[in-house]
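*Asks:* Okay, here's the structure, questions in a sec.
Where a number appears in this text, it was derived from the coordinates with a stated rule and is not lab data. Keep in mind it's a predicted model, so treat the numbers as computed, not measured. For neighbour counting, all protein chains shown are included, and Cβ atoms are generated from backbone atoms with ideal geometry for every residue, glycine included.
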Amino acid sequence: METAEARLARAREALAGVQRRVGTTRERWEAPTLPLTPVLDQLLPQGLRRGQVVAVAGSTSLMLALAAAASEAGSWTAAVGMPSLGVVAAARRGLDLARLALVPHPGPQAAAVAGACVDGMDVVLLGPRLALSEPDRRRLASRARERGSVIVAEGSWTGAHTTLTAVASRWHGLGAGDGRLRGRDLTVRIEERRGGTARFVTLPLDADAPLRRGASAPAVTSRALGGAA
């Protein structure tokens, strides 16, 4: 019977082979940040910085949106422990399915699988119920710093560089019994590890146009919460 270590070794070799065939490797990226769609600039003014952990609570759509522009520009993305994530939702958010790896059920090997993805991918999306201890999380964060990857984790993550929490959502587009949902205004609380005042930003997350690179960004409102942690 094949051991877990052997399966991981095969997975790493398969990933390296795909990267060699399509000519997309970590070396093609020289900038310290990965691209973001314009509508997300106020969430992460410093950009999607390599080596950092971004925790996202309350919105899988926001996680996908954070990875979309980098994926479209050539980054590799992995989604680990997110069994409800489908390729339709990922494609709608702008992820390139040819450079997307889905590992919905890593089981007890979650730490090793996530580590392998951090080694070979630019953006790694982690689900909320992975079997990761706090030492596992610290090791993954350290590995991301060494490899220049970005971890986008669903739920809380001790020591995350930025924590984004969806605190309110308002759909629009329906009339009095007719019409269809055309978009959603999502209010996000932004907290930085270095401290300071928490900020709130409201952005039209589900409108199609803002999520396409090159499209003009719609109006985004922001405010600060005095005295917040």
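*Asks:* Please get the size of the charge dipole for segment 69-206, origin at its Cα centre, with Cβ charges of +1 on Lys and Arg and -1 on Asp and Glu, quoted in debye to the nearest 20.
*Replies:* On the way: 18 positive and 13 negative charges, 43 e Å.
Value, rounded to 20: 200 debye.
*Asks:* Using Cβ counts within 10 Å as a stand-in for footprinting exposure, how do Ser71, Ser169, Ser61, Ser84 rank, fewest first? Provide the component values of the computation, followed by the final result.
*Replies:* Working: Ser71 24, Ser169 16, Ser61 19, Ser84 8.
By the 10 Å Cβ count, ascending: Ser84, Ser169, Ser61, Ser71.
*Asks:* Order by neighbour count: Arg193, Arg170, fewest other Cβ atoms within 10 Å first, most last.
*Replies:* Final ranking by Cβ density, sparse to dense: Arg170, Arg193.
*Asks:* Using Cβ counts within 10 Å as a stand-in for footprinting exposure, how do Val54, Val124, Val167, Val152 rank, fewest first?
*Replies:* Val167, Val54, Val152, Val124
*Asks:* Over the C-alpha atoms of segment 37-160, what are the Rg and the largest Cα-to-Cα span, Dmax, in Å?
*Replies:* Final numbers for Rg and Dmax: 13.0, 38 Å.
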